[in-house]
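> Submitted below is the structure of interest, expressed as structure tokens.
Where a number appears in this text, it was derived from the coordinates with a stated rule and is not lab data. Remember, it's a predicted structure, so these values are computed and weren't measured experimentally. Neighbour counts are summed over all protein chains in view; Cβ atoms, including those assigned to glycine, are modelled from backbone coordinates with ideal geometry.
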Amino acid sequence: MIFMMLNLFDSHTHSDNSPDGEHSVTFLCEKAVENGLMGFAVTDHCECDKYEKDSYEQRMLHSAFEVKKAWLTFAGQLALTLGIELGQPLNAPDSARHVLGMEKYDVVLLSVHTVRGEEDPYFRDFKNETEEACAQYLERYFDEVLETVRWDDYDILTHLTYPVRYIEGRDGKKCDLSRYKTRIDEILSTLARQGKALELNTSGLYDSFGRTSPDAPFIARFRELGGRYVTIGSDAHSAYDIGGGVEKGMRILQQCGFDYLTFYRRREARMLEIM
Ligand SMILES: [Zn+2]
Ligand SMILES: [Zn+2]
């Protein structure tokens, strides 16, 4: 209960309505209360380019239904919001628009998991690739993120350096992110200019990777470039990870000069003081 004082809000979690999520919304809520979160957003996956193949319409309807049920059960205990993690909207803009029109979401997370014409780095083995091939993959990734953030119907850009956890964290190929400075600056300025939030993804803090996405210097750079809104997401796919790394993430934001953490309700930024 003591942690309630810390304004811990997890803006990025998955229930079993995501293809790779493990637990029900109810169990996520129970663990969130137990872990002392003031609230969290359920942000199940909707990969726009696999919309029909992986039945995302049904998944999103079910996710929303369960969140609304949990609103009644956990009222007064938890600020629970309904979100969606929208992947690759530019690859299937009709599906993106359709799914966003289905529900009144509190928050829309924007993600790029797959570079057009490539597979998700999760499924790609970088171990036997040259460092130059890995670097070129990352270059295409950041180009695609830049193109995607110029789209408008979202609130938060998630895990800016997503492939790094696989290329470097899992497959041991060093990524020199200074090579992409201009592109990343352009992404961060676009977010700042459009009034969007940047996520500090803390999933790497509770697994062997040990790093956030992005690393702290990019959060500080976002602030320098005029960014105001930062959110923290554990990206938990299991109830046992909900809120993982969020408290440590708040310290990182503070070190980067942010006094407030953001969460979204009805697509509006709400500020929580970092204590
Ligand atoms: Zn993601
Ligand atoms: Zn996620």
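> At what distance in nm do the modelled label points of Asp185 and Asp152 sit from each other, each positioned 7 Å from its Cα along Cα→Cβ?
Using points 7 Å along Cα→Cβ, the separation is 2.7 nm.
> For each of Thr73, Thr190, Thr13, Thr114, count neighbouring Cβ atoms within 10 Å of the residue's Cβ, then give the residues from fewest to most.
Ranking Thr73, Thr190, Thr13, Thr114 by Cβ neighbours within 10 Å, fewest first, gives Thr73, Thr190, Thr114, Thr13.
> Pairs Lys31/Lys248; Lys50/Lys104; Lys31/Lys68; Lys104/Lys196; Lys173/Lys196; Lys127/Lys196: which exceed 25 Å Cα-Cα?
Lys173/Lys196; Lys127/Lys196
> Also, I was wondering about something else. Quick one: if the Förster radius is 35 Å, what FRET efficiency do Asp120 and Ser24 give, using the C-beta to C-beta distance and rounding to 0.05?
0.90
> What is the local net charge at Gly87, summed over the other residues whose Cβ is closer than 10 Å to its Cβ (Lys, Arg +1; Asp, Glu -1)?
Computed value for this residue: -3.
> Still on this structure, I have one more. If you take the beta carbon distance between Lys248 and Leu72 as r and set R0 to 41 Å, what does 1/(1 + (r/R0)^6) give as a FRET efficiency, to the nearest 0.05?
That gives a FRET efficiency of 0.80.
> Using 0.36 nm per residue of separation minus the Cα-Cα distance, give me the extension gain between Arg170 and Glu268 in nm, one decimal.
31.7 nm
> Taking the square root of 5 times each eigenvalue of the Cα gyration tensor, what semi-axes in Å does the equivalent ellipsoid of the stretch 2-273 have, largest first?
Square roots of five times the eigenvalues give 27, 22, 18 Å.
> When the Kirkwood radius is taken over all Cα pairs of the stretch 4-135, what Stokes-Einstein diffusion coefficient follows at 10 °C and 1.306 mPa s, in µm²/s?
The Stokes-Einstein estimate is 99 µm²/s.
> Quick one: of the DSSP bridges fully inside the stretch 2-273, what percent are antiparallel, nearest 5?
20
> Turning to a different aspect of this structure: Between Leu225 and Glu132, what FRET efficiency comes out of the Förster formula 1/(1 + (r/R0)^6) with R0 = 41 Å and r the beta carbon distance, rounded to 0.05?
0.90
> How big is the equivalent ellipsoid of the stretch 106-183 along its three axes, where each semi-axis is √(5λ) from the Cα gyration tensor, reported in whole Å from largest to smallest?
Calculated on Cα positions only, the semi-axes equal 23, 13, 11 Å.
> Modelled label-to-label distance, Ala216 and Gln58, 7 Å Cα→beta-carbon offset: nm?
Using points 7 Å along Cα→Cβ, the separation is 4.6 nm.
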